[in-house]
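Data first, discussion second: the structure below is written as structure tokens.
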Amino acid sequence: MSKPSPIRIESKKILARAWGSLTEYVFSLPHRDGSENRHTREVYDHGNAAAILLIDPDRRCLTLVRQFRLPPHLLGDDGYLLEVCAGLLDGDTPQACAKKEAMEETGIAPATLAHVFDLYASPGSLSEKTHCFLGFYTETDRTGAGGGLGHEGEDIEIVEIGFDEALGRIEQGAIVDSKTVALIQHAALKGILR
């Protein structure tokens, strides 16, 4: 039997509901010294996601995608981010979603898929949990056109990049998406392409 949470949600108010929902929570948080503080936080929820780093081990390269992201653009950065394939679960299992996103975005149906970790990119304000996978492929697994779904307004560029170059781009600040950085560095730490 699980222990009851000491966190008390005092109120919950939906501030906006569109693609996702923005909710204001007021909650009491006990501290280790026995005191308690009251906090107000806004949480954005649009569901959980899956991400997949596509790896061709024979050629020591990765297939990533480049697409426009408004928030980095609004902050003055290049809005066209280099990323792993990813998407919201929308009722799929994480594994099915990762495979589907790989095919839609790159045209690759990875022969082997391995779940490596889950992560929260910004747990202070986003509820999204991303299930992260490695997907291994060869050229024969490239069976579709990729590029995203036109009816969803996607315009995705497929980018094949050497593993060492990808690591270098992280160091140079040219790859800044958190799930992409985490997956590439995981592959490096595990010696997957060394």
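The values are calculated or read from the model by the stated rules, or taken from the named source; none is laboratory data. Being a predicted model, the structure only gives us computed values, none of them experimental. Quick reminder, even Gly has a Cβ in these numbers, built from the backbone with ideal geometry, and neighbours come from all protein chains shown. Side chains included, ligands, DNA and RNA excluded: accessible areas come from the protein's heavy atoms. Shrake-Rupley method; radii C 1.70, N 1.55, O 1.52, S 1.80 Å.
Derived from the Cα gyration tensor, the three semi-axes of the equivalent ellipsoid of region 144-183 are 25, 12, 8 Å, largest first.
Over all other residues within a Cβ to Cβ distance under 12 Å of Tyr80, the charged ones net out to -4, with Lys and Arg as +1 and Asp and Glu as -1. Dividing the summed -39500 (n - 2.57) terms of all DSSP H runs of n ≥ 4 by the residue count of the chain sets its mean residue ellipticity at 222 nm at -6000 deg cm²/dmol. By its C-alpha gyration tensor, with a ≥ b ≥ c as the square roots of the eigenvalues, how is region 121-194 shaped: rounded for a/c under 1.5, else prolate for a/b larger than b/c, else oblate? Note, shape of region 121-194 comes out oblate.
The largest accessible area among Ile184, Ile158 belongs to the first residue in Ile158, Ile184, and the rest follow in falling order (1.4 Å probe, all chains). Rounded to the nearest Hz, the phi-derived 3J(HN,Hα) couplings of region 41-49 under the Karplus curve 6.51 cos²θ - 1.76 cosθ + 1.60 (θ = phi - 60°) are 9, 9, 10, 9, 10, 10, x, 8, 9, where x marks glycine and proline.
The relative contact order of region 14-70 comes to 24 percent, based on Cα pairs under 8 Å that sit 6 or more residues apart. Computing Rg and the Kirkwood Rh from the Cα coordinates of region 1-67 gives a ratio, Rg/Rh, of 1.26. Counted by Cβ distance under 11 Å from Cys61, the other residues give a net charge of -4, where Lys and Arg count +1 and Asp and Glu count -1. Gyration tensor analysis over the Cα atoms of region 73-154 returns equivalent ellipsoid semi-axes of 23, 18, 12 Å (largest first, whole Å). When both region 103-140 and region 44-86 are represented by their alpha-carbon centers, they are found 10 Å apart. State log₁₀ I(q)/I(0) for the chain at q = 0.08, 0.11, 0.13 Å⁻¹ as given by the Debye formula over alpha-carbon point scatterers of equal weight, solvent excluded. Summing over Cα pairs of the chain leads to -0.33, -0.59, -0.77.
For the chain, the number of Lys pairs with C-alpha atoms closer than 29 Å, counting only pairs eight or more positions apart or on separate chains, is 14.
Per residue, region 1-132 exposes 59 Å² of accessible surface when a 1.4 Å probe is rolled over the protein heavy atoms with every protein chain present. A Förster radius of 30 Å combined with the Cβ-Cβ distance from Val26 to Leu119 puts the calculated FRET efficiency at roughly 0.65.
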